[in-house]
Amino acid sequence: MSLRFHEIAESGHRILNPFTEEKLALLGRVARLRHGMRLLDLCCGKGEMLCSWSLEHGIEGTGVDISEAFLDAAHERAVELGVAGRVRFERGDAGAYRAEPGSYDVVSCLGATWIGGGVEGTVKLMLPALAEDGILLVGEPYWTDEPPAAAYEAFGFGPDDFTSLAGTFDRFEAAGTEVLEMVLADGDSWDRYAASQWWTVSDWLRANPGDPDAGEMRTFLERGRRSHIEYGRRYLGWGVFVLRRR
């Protein structure tokens, strides 16, 4: 799906993954954030994690994303929460972003391990910016049960793109890290991310019937609805895993 489709479908979202505000707040506590810690968020979306954690925990940091629309929302959110002096956002390819070595206490990439071709490659991209005793936060889908072949087709996933929860742990270990903690999405979390896009896209289609992308957006809406209710809620999990170097 093109970036524009994401920007349209998620235009009503603040959190661009299957986490509720409560789950995101829990993750901040689980990660043991402290005042003055520095966080680098790769593929930061609208910056909700960085902004809300800066307000709650007094952290500082940088968010990187390729979407101007998302970054505009991130800047607005930072001003709204009064943390614009502690966080900044840069437009760019998160997979090519290079920070000063060891300059961040936390490096995160939530739901975007495609930037490194999967978990192992993304962890490799993240580690240089991480302080020696720092932590990584990686958000990743996993299969909660063995999915039927039709599920791969419905989501557009390859059979090796994601694995079980235990297999995901194996991938983290193969990347030279250990899992310290995790916060997992649930069915309600998925609904708030996936299902709440349906109304947004339906409204957009009604308002823009002549748009060149309207046909593809309608297909996206219909496919997204069906894949979520038929396969997503039953087979697809998602979580954020707290890691550090082994």
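The values are calculated or read from the model by the stated rules, or taken from the named source; none is laboratory data. It should be emphasised that the depicted structure is a prediction, and the values quoted were computed from it without experimental measurement. Note: ideal-geometry Cβ built from the backbone for every residue, glycine included; neighbour counts use all protein chains shown. The protein model used for the area step is the full one, side chains on, heavy atoms only, and it has no ligands, DNA or RNA in it. Shrake-Rupley method; radii C 1.70, N 1.55, O 1.52, S 1.80 Å.
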- Identify all residues within the range 145-189 that are modelled with pLDDT of 95 or more, among the aromatic types (Phe, Trp, Tyr) and surrounded by 19 or more Cβ atoms within 10 Å (Cβ to Cβ); write none if there are none. PHE162, PHE172
- Message: Filter the range 96-125 down to the residues that are assigned to a loop (DSSP other than H, G, I, E, B) and crowded, with 20+ Cβ neighbours inside 10 Å and list them by number.
- Response: ALA112
- Which numbered condition LEU40 misses (of (1) free of Cβ contacts under 8 Å to residues at least 24 places away in the same chain; (2) of a type outside the set (D, E, K, R); (3) buried (at least 20 other Cβ atoms within 10 Å of the Cβ)): (1)
- Message: For the range 73-95, check the following and say yes or no: at least one residue is touching a helix residue (DSSP H, G or I) at 6+ places or on another chain (Cβ under 8 Å), under 30 Å from ILE229 (Cα atoms) and surrounded by 15 or more Cβ atoms within 10 Å (Cβ to Cβ).
- Response: no
- Out of all the residues in the range 7-36, which are open to solvent by 70 Å² or more (accessible area, probe 1.4 Å), over 12 Å from the mean Cα position of the chain (by Cα) and either closer than 25 Å to ASP211 by Cβ or charged (D, E, K, R) (or both)? SER11, GLU21, GLU22, ARG29, ARG32, ARG34
- Task: Take GLU60 and decide whether it is closer than 30 Å to ALA214 by Cβ and either among the acidic types (Asp, Glu) or touching a strand residue (DSSP E or B) at 6+ places or on another chain (Cβ under 8 Å) (or both).
- Result: no
